[in-house]
1. Please determine whether any residue of the stretch 46-62 is at positive phi and at pLDDT 80 or above.
2. I need a count of the residues in the stretch 59-75 that are exposed (fewer than 10 other Cβ atoms within 10 Å of the Cβ) and in a loop (DSSP other than H, G, I, E, B).
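The values are calculated or read from the model by the stated rules, or taken from the named source; none is laboratory data. As the structure is a prediction and not an experimental result, all values here were calculated from the model. Cβ placement follows ideal geometry from the backbone for every residue including glycine, while neighbour counts extend to all protein chains displayed.
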Amino acid sequence: MQKIEEEHQDNESDLNAADEFMNSDQANQMNQVQLSQEQREQVITKSLTDGNPHAPTNITEFSHKDKQFKKDEMVDQLVIHFAMDGNIISKEGDEFTD
């Protein structure tokens, strides 16, 4: 039993040492790129747009009624990343126990 407790204490001390290293400046410096003063002062501007980069710019379809191709400029930009169908019921409710 004493051996297990010693191993547990050793594991805790290893975890504490790892936490101290990750919070230290040395760990932060390992993942950083060294920049010149000019590069540090450079201002980079990024902007978000509402367009979908995967959507086509236009859609051309054949109209059998007019017997010609028609170009549709309005392309749907909607993208659904997650959808879930279903109902949520409480475990304590009568519906769950049925």
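1. Our first condition is that a residue be at positive phi; within the stretch 46-62, this holds for none.
Checked the stretch 46-62: no residue is at positive phi and at pLDDT 80 or above.
2. Within the stretch 59-75, residues that are exposed (fewer than 10 other Cβ atoms within 10 Å of the Cβ) and in a loop (DSSP other than H, G, I, E, B) number 6.
Every residue, every condition in (1) surrounded by 10 or more Cβ atoms within 10 Å (Cβ to Cβ); (2) at pLDDT below 80, yes or no:
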site	(1), (2)
Gln39	no, no
Val43	no, no
Gln77	yes, yes
Phe82	no, no
Ile88	no, yes
